[in-house]
1. Given the rule -39500 (n - 2.57) for each run of at least 4 DSSP H residues, summed and divided by the residues of the chain, what is its mean residue ellipticity at 222 nm, to the nearest 500 deg cm²/dmol?
2. Which value, in nm² and rounded to one decimal, describes the direction-averaged projected area of the C-alpha convex hull of the range 267-398?
3. Specify the inter-centroid distance of the range 1-67 and the range 312-333, based on alpha-carbon positions, in whole Å.
4. Which lysines have a Cα less than 29 Å from the Cα of K213, not counting those fewer than 8 places away in the same chain?
5. Helix 165-178: angle to the longest alpha-carbon principal axis of the chain, degrees 0 to 90, nearest 10?
6. Pull up all non-local amide H partners of F94: gap of 5 or more, or a different chain, and H-to-H distance under 5 Å with H placed in the peptide plane.
7. Build a GNM of the chain with springs between Cα atoms under 10 Å: which of T268, T290, T29 gets the top mean-square fluctuation?
8. Find, among the trypsin sites (Lys or Arg not before Pro) in the range 361-390, those assigned to loop by DSSP (not H, G, I, E, B) with at most 13 other beta-carbon atoms within 10 angstrom.
Amino acid sequence: MTKKMWKQHDLKKHYDIVIIGGGAHGLATAYYLSKMGVRDVAVLEAKYIGYGGSGRNTAILRSNYRTEEGIRFYDQSIQLYENLSQELDFNLMFSQQGHFTLGHTEASVSGLTTRAENNKALGVDSYMLDPIEIKKMLPEIDISDHPRYPVLAALYHPPGGIIRHDAVVWGYARGAEQGGVEIHNLTTVGEIRTEKNKIKGVQTNRGFVSCNKLISVVAGWSSDVCAMAGIELPFVTHPLQALVTESYKPWLHHVVVSSNLHIYLSQTDRGELVCGGGIDGYPHYGMRSTLAFLETYAAHVLELFPVLHNVKVQRQWAGLCDMTPDYSPIISPIDEIEGFYVNGGWGTYGFKASPASGYNSAQMLAQGKVPANIAPFSYNRFRENRLVGEKAAASVSN
Ligand SMILES: Cc1cc2nc3c(=O)[nH]c(=O)nc-3n(C[C@H](O)[C@H](O)[C@H](O)COP(=O)(O)OP(=O)(O)OC[C@H]3O[C@@H](n4cnc5c(N)ncnc54)[C@H](O)[C@@H]3O)c2cc1C
């Protein structure tokens with residue numbers, strides 16, 4: 001008989017810690033809590049684990065951000081990813097194939113150069129390449145002056161790459177379950193109850209569950225869940241679309257992102273091209289793909305790779321992204337409600353952060369202290385005007 005990776009449990013009336021959201025961040029938090037010896041933890045997921053962005057993303061991992069806070073945090077994540085297959089005893093298919101961010105204007109090349117220098121200063125491997133060097137590594141790219149936006153330079157980041165996103169979700173879920181965490185699919189939180197500014201518990205479609213600590217880890221649904229606790233944080237939800245082509249012989253051996261054409265692509269081990277662009281311009285909660293996205297993507301990618309003019313698209317999809325004003329996350333206790341924590345604001349770029357987000361969130365919950373690596377991501381930064389500005393490094397680069 002096939003062994004199940006996680007069990008179905010009866011929902012208890014009380015847990016020490018309740019995690020809302022069964023995406024990679026919620027499951028990673030649960031996994032690291034169990035590793036720290038914290039028992040009595042439940043993950044409540046409205047649909048099925050990986051239903052949200054964690055099962056819809058294009059799986060690009062990198063740490064070449066712009067700010068010191070961002071670089072240190074995402075670098076911690078890449079380091080955790082490097083040993084994760086072994087640690088979880090599950091093949092996550094992590095391929096550190098290198099990550100290009102192309103610049104097509106003087107302004108973007110100047111921004112990429114700043115990032116390269118900031119990365120180097122903090123020990124992260126990133127450097128600039130000129131068009132001839134780019135062409136050597138990406139033979140099919142058009143570096144002539146014919147495209148609307150000729151390639152001027154690129155930021156190259158060797159540790160960046162791709163991973164199998166479902167495997168990360170399943171691996172963390174199995175690890176958490178083995179450590180005693182209960183994972184409850186089809187369990188929707190509809191209400192958050194507090195008493196005297198202290199968390200009491202959550203009302204779900206399966207009954208009321210009380211808890212000592214509650215963390216919202218619901219990415220695109222963060223505004224809704226925070227509103228249940230009467231908290232308003234600066235999240236704005238936008239859909240992000242992606243597509244995948246049929247399989248082709250291996251020809252693209254690195255992740256390629258264009259900062260000015262707002263597109264990116266990589267090739268999976270199965271040969272498919274996984275492709276994406278920027279967020280839909282207006283906020284909403286729909287998860288539909290559009291012809292406009294496909295047309296824009298095709299027009300822009302052909303400027304870089306005319307060789308793709310005959311490829312066949314297999315599927316398109318969309319997911320929700322919780323954007324913050326500075327394109328950095330919020331991972332923080334909420335001062336107004338004792339025992340309530342928020343982990344969100346992962347935008348279009350949060351999958352890569354799952355290990356560091358889960359590891360630090362688990363420490364925050366278990367020890368009641370905010371670890372130094374996530375202290376800059378408190379929601380109070382918006383009140384105190386100390387933003388962690390990652391817009392140029394985060395948006396389309398994923
Ligand atoms: C098309 C696309 C491409 C992307 N590409 C990349 C990329 O290449 N690299 C990268 O790093 N990031 C990428 N991202 C972003 C990344 O997917 C997300 O930032 C990340 O997956 C968020 O993970 P999460 O665990 O926080 O949330 P999610 O995976 O979204 O999980 C949240 C869960 O909460 C559940 N939930 C919501 N409300 C409730 C409730 N009331 N009760 C119970 N459960 C609830 C949902 O059902 C969902 O399963 C991409 C996103 C999209 C959409």
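1. It comes out at -8500 deg cm²/dmol, rounded to the nearest 500.
2. 10.7
3. 17
4. Within reach: K4, K7, K12, K13, K35, K47, K196, K198, K200, K352, K369.
5. It is inclined by approximately 30 degrees.
6. R164
7. Most flexible of the set in this elastic network: T290.
8. K369, R386
Here, each number is a calculation from the coordinates, and none is a lab measurement. Everything quoted here is computed from the prediction, not taken from an experiment. Counting neighbours? That spans all protein chains shown, and the Cβs are built from the backbone with ideal geometry, glycine included.
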